[in-house]
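Asks: Once you've had a glance at the structure underneath, I'll fire off some questions.
FYI, it's all coordinate maths here, none of it is from the lab. Everything numeric in this text was worked out from a predicted model, so none of it was measured. Virtual Cβ from ideal backbone geometry, glycine too; neighbours counted across all protein chains shown.
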Amino acid sequence: MNTSEKHGNPEIRPFWPPLAAGIALGLVLLLTFVLSAHGLGASGAATDTVAGVGLKLAPEATRANGYLGPMVADGSPIGSWMTWEILGVAIGALVAAFTAGRFRVQLDGARSVGTPRRLINTLVGGFLAGFGARIAGGCTSGLGLSGAAALGISAFVFLALFFATGMLVSRLVKGV
Amino acid sequence: MFPLNDNGMLSGLLCGILFGYVLENAGFGSPVKLSAQFKLTDWAVFKVMFTAIVVAAVGLWLLRLVGLLRPDSIAVPQAALMAAAVGGALVGAGFAVGGYCPGTSVAGLFSGRLDALVFIVGVLLGTTGFAVFYGATLKSLKAAWLIADGDTFTDVYAVPEPAVLAMLGVALIAVFYFGSWFERRGSGTVTAQQAVEGAR
């Protein structure tokens with residue numbers, strides 16, 4: 001335990017050690033495979049949301065779209081496994097943060113890079129990640145984590161480029 | 001016999017709640033903690049991910065070995081290597097700039113971080129942008145360097161699965177060994193206290 005935790009707010013409980021968190025995450029992922037036959041994901045819920053909202057707001061354009069069209073052929077994908085799962089992620093994270101005294105409303109990064117810059121960084125970062133996840137067919141959790149556990153070759157290619165580019169870009173841009 | 005192929009609401013909610021609970025407890029709601037991986041000062045992201053990969057992969061192998069899991073019943077991502085490389089680079093760049101990835105941004109928002117909400121808006125816009133620009137170029141990108149023989153090292157290169165798992169085990173030990181070495185050299189890992197206080 002380091003100094004800041006010794007003398008810091010005792011209400012804030014420390015994070016789990018990486019090994020314990022990793023074993024827990026591995027068991028959750030294994031359970032997910034056993035239940036659903038596929039792994040965990042996140043960006044897929046964004047795709048289902050975009051397709052579902054698109055079907056409501058611009059049904060013609062969404063049905064005609066080469067990427068979203070096939071997804072809405074049988075109706076709105078909101079209510080898919082992936083959208084329920086991401087709602088669960090929200091609930092689970094909220095419970096964890098609250099019970100450990102780690103819930104705090106803030107604009108993280110506003111102090112380090114300034115509010116306008118932080119807003120631009122997150123918007124641009126989110127855009128790149130969202131666009132990239134659609135190219136790869138998954139994000140860090142869907143392809144990197146779940147795909148690697150299923151021993152998919154593309155998952156390891158994804159992780160290698162994810163790490164290399166992330167390291168490079170974090171040296172050029174102060175994100176947070 | 002597994003898998004149950006249960007893709008209903010309760011299955012999704014259960015897996016998601018556990019996933020979110022672990023993500024936040026690992027510290028992955030904090031962009032400071034997450035970004036520290038790329039600065040090599042806190043290796044929690046790779047330690048947790050590699051441990052989880054090995055635990056789940058060995059678990060799947062054992063379940064198949066004892067006959068509880070049907071062979072070839074689990075989703076494996078298609079070996080579209082160009083798409084994985086370009087997409088991985090973009091998600092890595094987005095992670096470095098924004099401080100989150102799509103899943104961790106949900107953990108960030110629900111531990112109170114409003115910047116994570118902006119990241120989520122960005123993800124939705126990026127997804128929309130992809131759909132708008134989906135045409136010949138993006139299709140050929142997704143189809144480039146596609147391995148037709150299969151999707152795993154076992155299928156394509158005939159590496160026995162236990163050998164793949166053993167290599168992953170070695171990689172896991174290396175991540176912990178070198179990661180901890182970098183952590184000792186640097187300014188220390190990001191504690192919960194520091195994460196809650198926010199980036200400074």
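Asks: Viscosity 1.306 mPa s, temperature 10 °C: Stokes-Einstein D of the range B:1-118 from its Kirkwood Cα radius, in µm² per second?
Replies: After rounding, the answer is 97 µm²/s.
Asks: Between the range A:45-106 and the range B:184-200, how many Å separate their Cα centres?
Replies: Taking the Cα centre of the range B:184-200 as reference, the centre of the range A:45-106 is 32 Å away.
Asks: State, as an integer percentage, the relative contact order of the range A:1-100 based on alpha-carbon contacts under 8 Å between residues 6 or more apart.
Replies: It rounds to 26 percent for the range A:1-100.
Asks: Okay, next question. Evaluate chain B: find the radius of gyration of its Cα atoms, find its Kirkwood radius, and give the ratio Rg to Rh.
Replies: That ratio equals 0.98.
Asks: Further question: Let's test the formula: R0 of 41 Å, r as the Cβ-Cβ distance of B:LEU4 and B:SER140. What FRET efficiency results, to the nearest 0.05?
Replies: 0.65
Asks: Something else now. Please find, in a Gaussian network model of chain B (springs between Cα atoms separated by less than 10 Å), the residue of B:LYS47, B:LYS142, B:LYS33 whose mean-square fluctuation is greatest.
Replies: B:LYS142
Asks: Restricting things to alpha carbons, tell me how big chain A is in terms of Rg and Dmax, in Å.
Replies: Using the Cα atoms of chain A, the pair Rg, Dmax is 19.0, 60 Å.
Asks: Pop out the Kirkwood hydrodynamic radius of the protein assembly as shown from its pairwise C-alpha distances, inverse of mean 1/r, in Å to one decimal.
Replies: So the Kirkwood estimate lands at 20.5 Å.
Asks: For B:128-137, what's the mean count of beta carbons from other chains sitting within 10 Å of each residue's beta carbon?
Replies: Counting other chains' Cβ atoms within 10 Å and averaging over B:128-137 gives 6.
Asks: Hey, another quick one. Looking at chain A, do any whole DSSP H helices span at least 18 angstrom along their long axis by alpha carbon and average 1.6 or above on Kyte-Doolittle, and which?
Replies: Span-like helices, by this rule, are A:18-36, A:153-172.
Asks: Would you calculate a helix-derived [θ] at 222 nm for the protein assembly as shown, using -39,500 (n - 2.57) for each DSSP H run of n ≥ 4 and dividing by the full residue count, to the nearest 500?
Replies: Dividing the helical sum by the residues of the protein assembly as shown leaves -21000 deg cm²/dmol.
Asks: Taking the Cβ of each residue in A:VAL89, A:VAL124 as the centre, tally the other Cβ atoms inside 10 Å and list the residues starting with the fewest.
Replies: Going from sparsest to densest Cβ surroundings: A:VAL124, A:VAL89.
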